[in-house]
Each structure stands twice: as C-alpha cells, then as structure tokens.
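Chemist: Provided herewith is a single structure, encoded as structure tokens, for subsequent inquiry.
The values are calculated or read from the model by the stated rules, or taken from the named source; none is laboratory data. Quick caveat, the model's predicted, so the values are computed rather than measured. Note that we place each Cβ from the backbone using ideal geometry, even for glycine, and neighbour counts take in every protein chain shown. Heavy atoms of the whole protein, side chains included, go into the accessibility calculation; ligands, DNA and RNA do not. Shrake-Rupley method; radii C 1.70, N 1.55, O 1.52, S 1.80 Å.
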Amino acid sequence: MEEDSSLKSKEFLQNLKNDTVLNEGITLLNIVNDIVDAMEKQLKFKINRAEIYDSYNGSMNVFIKHFSYYTAVKSAELKVPAKNDYLDLLHLIYLGNGKNIKIVTGDNLLEKMDVAISIEDFKKLFKI
C-alpha cells in the first residue's frame, strides 16, 4: 500500500509540469500564504486568503510560469536545485507580464528559458 502511494505521488509530480493551470495555481497559493502569514504576524488579525488569491492581476505571470515549471521538474526528478537557482528565478519578477521583454544574462538557467538572451547574442544583435 505504501509503495502504491509513493508511485502515485511520483506520477503526480511528473505530470504536474504539464498541468500548467494547477502548477501555477499552487505556486500562486504558496506566494499568497507566505505573504499573508507574514502580514498576520505583524498585524495580529486574520486576512482572507481567498480574497488575496482572487485579487491577483497577472503582474508576475512570467515569474510564476517559469518558477512553477522549474520546481515541478526538479520535484519530479527528485533533484535539489542548485544553490542560486531560486535567486536567479526571482529576477523574472522584473519582467512582470511582458511577453516581449528579455533579460540579458550570462546565467545558464535563465538562458535555457524563453525569457533571456545571452550576453553574446545581445552584443551580436546590437553589433557591440
């Protein structure tokens, strides 16, 4: 029975990267919970988490999409992220919801995503 449960958990994690609605919803829910936990601790009263979740305006979609996918892949592979990966992914917050905006970077993780352009390619593009 325990082995069956473990197999189902592993299968769920492997499928999570493809279920973007669920995966990104889980990411947003965790962001909301972290923020509300900190606010409730300071303010000393309860905050309606569903109201905060429902008020999300899409302003961090690029970050949520890539962070969700990255964590789902790492979880499914049972691998630990490299020490700076989460910090590197946080840079995606600056992109907001911009579909045509790229980060110029030398970071391998971000270069593999559709949100970055390598420093070398940037120099070629602008003939620097």
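Chemist: Specify which of the listed residues (V104, V21) is open to solvent by 60 Å² or more (accessible area, probe 1.4 Å), under 27 Å from K8 (Cα atoms) and without any contact (Cβ under 8 Å) to a residue 40 or more places away in the chain.
Modeler: V21
Chemist: Just give me the residues in the range 70-87 being of a type in the set (D, E, K, R) and either within 30 Å of L7 (Cβ to Cβ) or in contact with a strand residue (DSSP E or B) (Cβ under 8 Å, 6 or more places away or on another chain) (or both), in sequence order.
Modeler: K74, E77, K79, D85
Chemist: To continue, here is another question. Taking the stated definitions as given, is D4 farther than 21 Å from I93 by Cα, surrounded by fewer than 11 Cβ atoms within 10 Å (Cβ to Cβ) and over 14 Å from the mean Cα position of the chain (by Cα)? Give the derivation first.
Modeler: Values: farther than 21 Å from I93 by Cα: yes; surrounded by fewer than 11 Cβ atoms within 10 Å (Cβ to Cβ): yes; over 14 Å from the mean Cα position of the chain (by Cα): yes.
It is true that D4 is farther than 21 Å from I93 by Cα, surrounded by fewer than 11 Cβ atoms within 10 Å (Cβ to Cβ) and over 14 Å from the mean Cα position of the chain (by Cα).
Chemist: Another question, then. Please determine whether any residue of the range 85-99 is on the phi > 0 side of the Ramachandran plot, open to solvent by less than 100 Å² (accessible area, probe 1.4 Å) and touching a residue at least 12 places away in the same chain (Cβ under 8 Å).
Modeler: Of the residues in the range 85-99, the ones on the phi > 0 side of the Ramachandran plot are 96.
Remaining after also requiring open to solvent by less than 100 Å² (accessible area, probe 1.4 Å): 96.
With touching a residue at least 12 places away in the same chain (Cβ under 8 Å) added as a condition, the list becomes 96.
Among the residues of the range 85-99, at least one is on the phi > 0 side of the Ramachandran plot, open to solvent by less than 100 Å² (accessible area, probe 1.4 Å) and touching a residue at least 12 places away in the same chain (Cβ under 8 Å), which makes the answer yes.
Chemist: Test each condition in (1) assigned to a helix (DSSP H, G or I); (2) among the hydrophobic types (A, V, I, L, M, F, W, C); (3) touching a Lys or Arg at 6+ places or on another chain (Cβ under 7 Å) for I117 and report the one that comes out false.
Modeler: Going through (1) assigned to a helix (DSSP H, G or I); (2) among the hydrophobic types (A, V, I, L, M, F, W, C); (3) touching a Lys or Arg at 6+ places or on another chain (Cβ under 7 Å) one by one, I117 breaks only (1).
Chemist: Tell me, please, whether a residue that is in a helix (DSSP H, G or I), exposed (fewer than 13 other Cβ atoms within 10 Å of the Cβ) and either modelled with pLDDT under 95 or over 13 Å from the mean Cα position of the chain (by Cα) (or both) can be found in the range 51-64. Let's see the steps before the verdict.
Modeler: Of the range 51-64, the ones in a helix (DSSP H, G or I) are 51-54, 61-64.
Imposing the further condition that a residue be exposed (fewer than 13 other Cβ atoms within 10 Å of the Cβ) reduces the set to 51, 54.
The next check asks that each one be either modelled with pLDDT under 95 or over 13 Å from the mean Cα position of the chain (by Cα) (or both); those that pass are 51, 54.
Yes, the range 51-64 has at least one match.
Chemist: Mind listing just one residue for me: the one in the range 27-48 that is of a type outside the set (D, E, K, R) and touching a helix residue (DSSP H, G or I) at 6+ places or on another chain (Cβ under 7 Å) and, of those, most open to solvent (accessible area, probe 1.4 Å)?
Modeler: L29
Chemist: Here's another thing I want to ask about it. Please list, ordered by first then second residue, the pairs with beta carbon atoms under 6 Å, 6 or more apart or interchain, first in the range 61-82 and touching a residue at least 60 places away in the same chain (Cβ under 8 Å), second open to solvent by 20 Å² or more (accessible area, probe 1.4 Å).
Modeler: Listed by first residue and then by second, the contacts come to S75/L13; A76/L13; A76/Q14.
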